[in-house]
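For reference, the structure is listed below as structure tokens.
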Amino acid sequence: MRIIDVGRPSGRVERMLRTTRRVLDQALRLEAAVYHLHDPELIPAGLHLKRLGKTVIFDAHEDVPLQLLGKPYLNAPSRRVLSRCFSAYERYACRQFDGIIAATPFIRDKFLRINPHTVDVNNYPLASEFDAGAPWDAKLAQVCYVGSVSAMRGIRELVRACSLLRSEARLAIAGQFSEAALEHEVSGYPAWPTVRRLGHQDRAGVGAVMAASMAGLVTLHPEPNYLDALPVKMFEYMAAGIPVIASDIPLWRGIVDSHRCGVCVDPLNPGAIAEAIDLFVMHPELAREMGENGRRAIVEKFNWPVESVKLLDFYAHV
């Protein structure tokens, strides 16, 4: 794999404008057989490549029109107008591409109405990457949150829940705060001194945090863009053999309940989150059983080898 760096953008506007141009310039120099685009702001580059007769695939990681409706830096009228405009542009552009790869079945179904050459390739983990055999009697009285730390991902409620715990559980956070102001705010909460702030971790570090924990948290707020998303961290917790404490979003509840691999809670209710944490820390046998159920679901169904076959078949078709 050869990585060609076009430079770090200085801000959101430069990323959408100048960086797209730099990516296109490099793409034209490469004369590749296939161009596979992963970012919505690269759609104009993809259209330019199509006009030159190139084979172009767009990889849709999220429902961008829905995502725009939840952007906190835009006011409500602007969000609606931008969402509608991007939706129309997306339909126009993606009809012209040679194929669409979607990150979830929901996004796949949306794009199938636009382009029949669409497949979902879910970002499920490699079971072998995570140690599900960590002895339970060696685990800490700890639950973990892994990933980007933001308000919409529930950090305020997680730390407030730590003030309501009846057990000796501690929260381990492996990830970077999205905003310095939010980190400053949360660090002033009464329970913050009990939180293990681990910062960014490499893959080995992520695995170690999960192996030492009795449950993993994925309590994202019920924003439009999350309602039909499949959070990678939920499946990584399952692969690590620990139960999940997830937002009570219908799609997620269907997975958690059907495989008996955790509990779903109201992500806006710190008390409900605290009860779920106490449940697993105070009842390790239940945590172990649900963790094993989740690991089994990964091995049998939610794993990357199954998805890789779909990806290779898609490329063979293209």
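The values are calculated or read from the model by the stated rules, or taken from the named source; none is laboratory data. Here the structure is a predicted model, which means the values were calculated and not measured. Positions of Cβ are generated from backbone atoms using ideal geometry, with glycine treated the same way; all protein chains shown enter the neighbour counts. We work out accessible area using only protein heavy atoms, side chains counted, and drop any ligands, DNA or RNA first. Shrake-Rupley method; radii C 1.70, N 1.55, O 1.52, S 1.80 Å.
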Seminar exercise, completed: Considering the range 98-117, residues that are closer than 10 Å to D63 by Cα and of a type in the set (G, A, S), and then whichever is surrounded by the most Cβ atoms within 10 Å (Cβ to Cβ), we arrive at A102
For this session: Tell me, please, whether a residue that is of a type outside the set (V, I, T), in a helix (DSSP H, G or I) and either within 15 Å of F302 (Cα to Cα) or modelled with pLDDT under 95 (or both) can be found in the range 214-234.
Result: yes
Exercise. Conditions: (1) within 23 Å of I249 (Cα to Cα); (2) of a type in the set (S, T, Y); (3) open to solvent by 10 Å² or more (accessible area, probe 1.4 Å); (4) touching a strand residue (DSSP E or B) at 6+ places or on another chain (Cβ under 9 Å). Y145 meets all but one. Number of the miss?
Worked result: (3)
For this session: Go through the range 117-181 and tell me which strands (runs of 3 or more DSSP E), entirely inside it, have 3 or more residues that are aliphatic (A, V, I, L, M).
Result: 170-174
Exercise. Is there any pair with a first residue in the range 4-28 that is of a type in the set (F, W, Y) and open to solvent by 50 Å² or more (accessible area, probe 1.4 Å) and a second that is in a loop (DSSP other than H, G, I, E, B) and at pLDDT 85 or above whose Cβ atoms are under 6 Å apart and which are 6 or more apart or on different chains, and what are they?
Worked result: none
Problem set entry | Filter result for L251 (surrounded by fewer than 20 Cβ atoms within 10 Å (Cβ to Cβ) and part of a loop (DSSP other than H, G, I, E, B)) | no
Problem set entry | Extreme residue, nearest to P44 (Cα to Cα), among residues of the range 92-118 that are among the charged types (D, E, K, R) and out of contact with any His (no Cβ under 9 Å at 6 or more places or on another chain) | R95
Exercise. Would a scan of the range 164-177 turn up a residue that is in contact with a helix residue (DSSP H, G or I) (Cβ under 9 Å, 6 or more places away or on another chain), closer than 18 Å to E275 by Cα and of a type in the set (D, E)?
Worked result: yes
For this session: Provide a single number: the residues in the range 259-295 that are within 21 Å of the chain's Cα centre (by Cα) and either hydrophobic (A, V, I, L, M, F, W, C) or part of a helix (DSSP H, G or I) (or both).
Result: 10
For this session: Write out, first by first residue and then by second, each pair whose Cβ atoms fall under 6 Å of each other, whose residues are 6+ apart or on separate chains, and whose first residue, in the range 257-285, is open to solvent by less than 20 Å² (accessible area, probe 1.4 Å) while the second is part of a strand (DSSP E or B) and of a type in the set (S, T, N, Q).
Result: P267/S247
Exercise. If you scan the range 63-97, which residues turn out to be in a loop (DSSP other than H, G, I, E, B), under 30 Å from K310 (Cα atoms) and open to solvent by 50 Å² or more (accessible area, probe 1.4 Å)?
Worked result: R95, Q96
For this session: Tell me which residues, restricted to the range 29-54, are open to solvent by 60 Å² or more (accessible area, probe 1.4 Å) and in contact with a strand residue (DSSP E or B) (Cβ under 6 Å, 6 or more places away or on another chain).
Result: H38
Exercise. If you scan the range 51-97, which residues turn out to be basic (K, R) and in contact (Cβ under 8 Å) with a residue 12 or more places away in the chain?
Worked result: K54, R84, R91, R95
Problem set entry | Considering residues of the range 296-307 that are open to solvent by 30 Å² or more (accessible area, probe 1.4 Å), of a type outside the set (A, V, I, L, M) and in a helix (DSSP H, G or I) only, the residue farthest from N123 (Cα to Cα) | R296
Problem set entry | Checklist (1) open to solvent by less than 60 Å² (accessible area, probe 1.4 Å); (2) over 23 Å from the mean Cα position of the chain (by Cα); (3) hydrophobic (A, V, I, L, M, F, W, C) applied to A127, failing item | (2)
Problem set entry | Odd one out for D228 among (1) closer than 26 Å to K71 by Cβ; (2) open to solvent by less than 30 Å² (accessible area, probe 1.4 Å) | (2)
